[in-house]
Amino acid sequence: MHNRPTPVFSVITVTYNAAAVLEDTIQSVIAQTYHHVEYIIVDGASTDGTMGIVHRYRDRIARVVSEPDRGLYDAMNKGIALATGDYLCFLNAGDSFHEDDTLQQIVHSLAPHDTLPGVIYGETDLVDAEGHFVRKRRLSAPEKLTWRSFRRGMLVCHQAFFARRDLVEPYDLRYRFSADFDWCIRVMKKANTLHNSHLVVIDYLDEGLTTANRRASLLERFRIMCRHYGFLCTVLHHAWFVVRLLLKR
């Protein structure tokens, strides 16, 4: 037991006018029974009560930035630059860890090896504004994850994907809606080992994307898949997506 690793988790929350949902997220982080946590909040110069909530918990937050940014992924890149932990976890305002001991359970799932796995991943539950379970994600985490797994879509929710910091690169700001998809693939390409925690890690606030954003996001994902997997492979997989959808009807 004394050989159990004790990695530091840099938990990064990006906010903009998130006063309605931020407090539950902060409480979820500071309630963790595992104490090797560095909490970082990157705010985009909110004009509502977001920063008032942040200041209420300021003594439990390692770093706070509040300034204009060029969008979600630019703010996430600021979080990457501030992080000093072994793993990065992006926990959006409104989302929370599944249990108070989620990080402790993740660490207990690790074998007492000398080297920490490049990626730790798990499952995600979708919840409503009151935190009640709505449904499981449509795509579930595979038993064994590789960078090729995402040819079938984003099988692991970004929030339930913990990347070792030394493998992390900035998000590609050419992508407005799906830079996380590209980022996860790039991290997995560099990772020697990817560890399935077999845990529900995240409760994800199910707000739903607008149709316009969803279409733009899917188009970006198609471009990202072509870049990593090739055009022909991507087209064939999308043909299978359509067949699968028709079979389910």
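The values are calculated or read from the model by the stated rules, or taken from the named source; none is laboratory data. Since the structure is predicted, the reported quantities are computational estimates derived from the model, not experimental observations. In this analysis, Cβ positions are derived from the backbone assuming ideal geometry, glycine residues included, and neighbour counts consider all displayed protein chains. Just so you know, the surface numbers come from the protein's heavy atoms only, side chains and all, with ligands and any DNA or RNA stripped out. Shrake-Rupley method; radii C 1.70, N 1.55, O 1.52, S 1.80 Å.
Could you check, for the stretch 29-43, whether at least one of its residues is in contact (Cβ under 8 Å) with a residue 40 or more places away in the chain and assigned to a helix (DSSP H, G or I)? Checked the stretch 29-43: at least one residue is in contact (Cβ under 8 Å) with a residue 40 or more places away in the chain and assigned to a helix (DSSP H, G or I). The number of residues in the stretch 155-207 that are farther than 15 Å from T124 by Cβ and over 11 Å from the mean Cα position of the chain (by Cα) comes to 28. Count of the stretch 120-141 residues, restricted to those that are in contact with a strand residue (DSSP E or B) (Cβ under 8 Å, 6 or more places away or on another chain), in a loop (DSSP other than H, G, I, E, B) and of a type outside the set (D, E), is 5. Residues in the stretch 100-132 that are open to solvent by 60 Å² or more (accessible area, probe 1.4 Å) and free of Cβ contacts under 8 Å to residues at least 40 places away in the same chain were compared, and the one that is nearest to W183 (Cα to Cα) is D114. Checked against the criterion of being of a type in the set (G, A, S) and either under 22 Å from A179 (Cβ atoms) or open to solvent by 50 Å² or more (accessible area, probe 1.4 Å) (or both), the candidates G44, G52 yield just one match: G44. Only residues that are part of a loop (DSSP other than H, G, I, E, B) and either open to solvent by 10 Å² or more (accessible area, probe 1.4 Å) or under 13 Å from G94 (Cα atoms) (or both) were counted in the stretch 1-28, giving 13. Within the stretch 178-228, the set of residues being under 28 Å from P117 (Cα atoms), open to solvent by 60 Å² or more (accessible area, probe 1.4 Å) and touching a helix residue (DSSP H, G or I) at 6+ places or on another chain (Cβ under 8 Å) comprises K189, K190, H198, Y204, R221, R227.
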